[in-house]
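The values are calculated or read from the model by the stated rules, or taken from the named source; none is laboratory data. From a predicted model like this one, the values you see are computed outputs, not experimental measurements. Using ideal geometry, Cβ is built from the backbone for each residue, glycine included, and neighbour counts are taken over all protein chains shown.
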Amino acid sequence: LISEIKEGVEVGTLCTLGDNLILEKTSKVFVKEKDVSKGIAMPTCISVDHCICHYSPLRSDPPVILKNGQMVKIDIGVHVDGYIATAAHTVVVGASPTNKVTGKHADLLKATYDAMEVAIRMLQPGNKTMDITAAIDKVAADYGVVPIENMVSHQLERDQIDGEKQIIQNPGEKQRSEMERFTIEKHEAYAIDVLFSTGKGKGKDMDTRTTVFKRNEEVQYSLRLKAARFGVMPFTLRAFEDEVKAKMGVVEPEKHGLLRPYQVIYEAAGEVVAQFKATVLIMPNGLLKIAGLPLDMSLIETDAKLKVSFP
């Protein structure tokens, strides 16, 4: 999917390609086990520049065409038998070893990736989630960038993309006072998800249509909607043959709290946001990263370095 991020390519086409790749790859595993569900755990979202997250347009939406120099965040998730792996990666359109990303954009990429790596290293049994929150915020301050407020890294559990334990980056006042303190334990899985900005880190809704939803498991209700076929995983309205019916079909369930919307949110225009996410298992003999890619340092040029040290 990363290799297709080029000038002139339409974002919706890339989202469809990402979803199709997940379905194609998962169709080839556990072929003989007929009762093993598998497929998309998070529909492909591609959010450009100051769009922070969850942009996954419908075929009927106005096309968004990529241009050289734009910062593109790819966010995907896959599951096999309810066991989830998610990842996110940021690339700059047109970047190459001979056309490197420089300046504040390069600093932002390195800061975001380094913060994710620091957070991963701190996923040690006995460590507190609050300490990881503080570490992410310290890395951002070190690089002179800002974490997007209230973004959450979740524990992953079977059939639960947003498990009980959370690591909140840059919590707002309300969130800080309500934050639960959790302890990291062996045999847990986490999606460490870090989003940094060149701006103030305040996400806002700009009335872009929400297209990604998830069933609210806390509300017992039989969904007549065809969305019921997606079970408890997030799904996109793009997956329905009839988009008009799909758009109408989610209105009532969302209004009654049966569906949770993944809203498209934005930083201030003119700013850019980077995202890196990896799935990590806490094994008895150490950490195992099962999803997430390294930052290709041959594509960026920066002197920015992490000054604070972490255990």
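For the range 35-73, a residue qualifies if it is outside any loop (DSSP other than H, G, I, E, B) and over 15 Å from Val272 (Cβ atoms), and the qualifying residues are Lys38, Gly39, Ile40, Ala41, Met42, Pro43, Thr44, Cys45, Ile65.
Here's the yes/no breakdown for (1) among the polar types (S, T, N, Q); (2) surrounded by fewer than 20 Cβ atoms within 10 Å (Cβ to Cβ):
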| site | (1), (2) |
| --- | --- |
| Gly103 | no, yes |
| Asp107 | no, no |
| Ala115 | no, no |
| Arg121 | no, yes |
| Gln124 | yes, yes |
| Met130 | no, yes |
| Val139 | no, no |
| Asp142 | no, yes |
| Val145 | no, no |
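Restricting the first member to the range 80-103 and to residues that are farther than 14 Å from Ala291 by Cα, and the second to residues that are in a strand (DSSP E or B) and modelled with pLDDT under 95, the beta-carbon pairs closer than 7 Å and six or more apart or on different chains are Asp81/Lys38.
Take the residues of the range 11-32 that are surrounded by fewer than 14 Cβ atoms within 10 Å (Cβ to Cβ) and in contact (Cβ under 8 Å) with a residue 40 or more places away in the chain: which is nearest to Tyr262 (Cα to Cα)? Going through the qualifying residues, I end up with Lys25.
Restricting attention to the range 146-179, the residues that are touching a residue at least 24 places away in the same chain (Cβ under 8 Å), over 20 Å from Glu218 (Cα atoms) and acidic (Asp, Glu) add up to 1.
Yes or no, residue by residue, for (1) more than 27 Å from Leu281 (Cβ to Cβ); (2) within 19 Å of the chain's Cα centre (by Cα); (3) among the small types (Gly, Ala, Ser):
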site: Glu173; (1), (2), (3): yes, no, no
site: Lys186; (1), (2), (3): no, no, no
site: Ile192; (1), (2), (3): no, yes, no
site: Lys204; (1), (2), (3): yes, yes, no
site: Arg209; (1), (2), (3): yes, yes, no
site: Lys214; (1), (2), (3): no, yes, no
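State yes or no: is Lys73 crowded, with 20+ Cβ neighbours inside 10 Å, of a type outside the set (A, V, I, L, M, F, W, C), at pLDDT below 95 and under 20 Å from the mean Cα position of the chain (by Cα)?
So Lys73 fails the test.
Within the range 164-187, if we keep just the residues that are buried (at least 20 other Cβ atoms within 10 Å of the Cβ) and in contact with a Lys or Arg (Cβ under 9 Å, 6 or more places away or on another chain), the residue that is farthest from Ala106 (Cα to Cα) turns out to be Ile184.
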